[in-house]
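Notes to accompany the following structure.
The values are calculated or read from the model by the stated rules, or taken from the named source; none is laboratory data. What you see is a predicted model; the values in this text were computed from it and never measured. Neighbour counts are summed over all protein chains in view; Cβ atoms, including those assigned to glycine, are modelled from backbone coordinates with ideal geometry.
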């Protein structure tokens, strides 16, 4: 049976929902599935309707509703109403705690707790997110589910954008680089560690290094230029790219450095691992630690960061692969087994829906008996 799914985007305006719809359609046109919350229906082998906050939903319109929890007032009110209705059942997908947590007040916390406690499903991308969701709900509710990672599709898409000079060594420094907001990831700690690591590289090879970074917001772009981050370091801002071109950009890099604050999913880490790239990553993500067990470092441990970067830069300069910087390919292939992930999530959904259906029948029979 093909599932009929509605996805609650959390958007208040139809044009915002339409943008997500276009992104989803492009993903399917490209033949790729993005490692994104909105791609979970594709992992289940189906399409979905994207819903704007307040859209009317009948009890038989869908087999399942999905909703990423973003803690806006309008979304929480809408989600609570959907969860209270009970039909269609709702699967709530909490994002990183720091994103939800910064928006909470007494009223929102109460709504989040009600939603997490009463939703048919609570799905999380990592154990740390499950711990957070269960703690808010006050009891164990959440399940860690497979995510729409696809190692084979990533490798198929990984045609470098353009041939690069053989003598150049290209390294990505953070995607994104954040100077502002709660996701601030201390760019100058990274810069100093890079400079220390370069000092260990032979003089003849040092000039071969070319660094690239990415910013997502105008504020971070402004800070990149005004702060002098690129002074004394050959680093340039890479242009914004959509998913498939970004995979190709990574394919043209010789090394990946990604240090993110909070509890990130680890999308860039997965892409780097699927492409077999040496890398250094923050230990803030379970996925990072699993894919690169020997080259994850605390975000604010400059000495360990410098040591890890030195290890990678020296090996890149000598064209000798450093095993400690390479991904655990068994873990990459297991996490990126799209077919297996799809089968597992489908089984979880069908089992859950069947349990809900049986419970509804039992409740109806009990009610009828009491009458």
* Structure fact -> A careful count of residues in segment 265-286 that are surrounded by fewer than 23 Cβ atoms within 10 Å (Cβ to Cβ), farther than 20 Å from residue 171 by Cα and in contact with a helix residue (DSSP H, G or I) (Cβ under 8 Å, 6 or more places away or on another chain) gives 2
* Among (1) modelled with pLDDT of 90 or more; (2) surrounded by 20 or more Cβ atoms within 10 Å (Cβ to Cβ), where does residue 84 come up short? -> (2)
* Structure fact -> Those residues of segment 298-338 that are part of a loop (DSSP other than H, G, I, E, B), in contact with a strand residue (DSSP E or B) (Cβ under 8 Å, 6 or more places away or on another chain), in contact (Cβ under 8 Å) with a residue 40 or more places away in the chain and more than 17 Å from residue 253 (Cα to Cα) come to a total of 1
* Does segment 273-288 hold any residues that are under 14 Å from residue 254 (Cα atoms) and assigned to a strand (DSSP E or B), and which are they? -> 279, 280
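Would you be able to say whether some residue in segment 158-166 is outside any loop (DSSP other than H, G, I, E, B) and at pLDDT 85 or above? Walk me through it before giving the result.
As a first pass, look at segment 158-166 and keep what is outside any loop (DSSP other than H, G, I, E, B): none.
No, because not a single residue in segment 158-166 is outside any loop (DSSP other than H, G, I, E, B) and at pLDDT 85 or above.
Assess whether residue 153 counts as being touching a residue at least 12 places away in the same chain (Cβ under 8 Å), part of a helix (DSSP H, G or I) and either under 28 Å from the mean Cα position of the chain (by Cα) or within 17 Å of residue 275 (Cβ to Cβ) (or both).
Numbers: touching a residue at least 12 places away in the same chain (Cβ under 8 Å): yes; part of a helix (DSSP H, G or I): yes; either under 28 Å from the mean Cα position of the chain (by Cα) or within 17 Å of residue 275 (Cβ to Cβ) (or both): yes.
When the stated conditions are applied, residue 153 passes them.
Do you know which of the residues in segment 205-223 that are in contact with a strand residue (DSSP E or B) (Cβ under 9 Å, 6 or more places away or on another chain) and part of a loop (DSSP other than H, G, I, E, B) is surrounded by the fewest Cβ atoms within 10 Å (Cβ to Cβ)?
Step one: list which residues in segment 205-223 are in contact with a strand residue (DSSP E or B) (Cβ under 9 Å, 6 or more places away or on another chain), which gives 205, 208-215, 221.
Keeping just the survivors that are part of a loop (DSSP other than H, G, I, E, B) gives 208, 214-215.
On the way: 208: 17, 214: 20, 215: 23.
The selected residue is 208.
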* **Sole exception among (1) surrounded by 20 or more Cβ atoms within 10 Å (Cβ to Cβ); (2) over 11 Å from residue 7 (Cα atoms); (3) in contact with a helix residue (DSSP H, G or I) (Cβ under 6 Å, 6 or more places away or on another chain) for residue 97, by number** => (1)
* Within the bounds of segment 193-204, is there any residue that is exposed (fewer than 15 other Cβ atoms within 10 Å of the Cβ) and either in contact with a helix residue (DSSP H, G or I) (Cβ under 8 Å, 6 or more places away or on another chain) or not assigned by TED's automatic domain parsing to the domain that holds residue 291 (or both)? -> yes
* Asked: Among the residues of segment 224-242, how many are surrounded by fewer than 19 Cβ atoms within 10 Å (Cβ to Cβ) and either part of a strand (DSSP E or B) or out of contact with any strand residue (DSSP E or B) (no Cβ under 9 Å at 6 or more places or on another chain) (or both)?
  -> 11
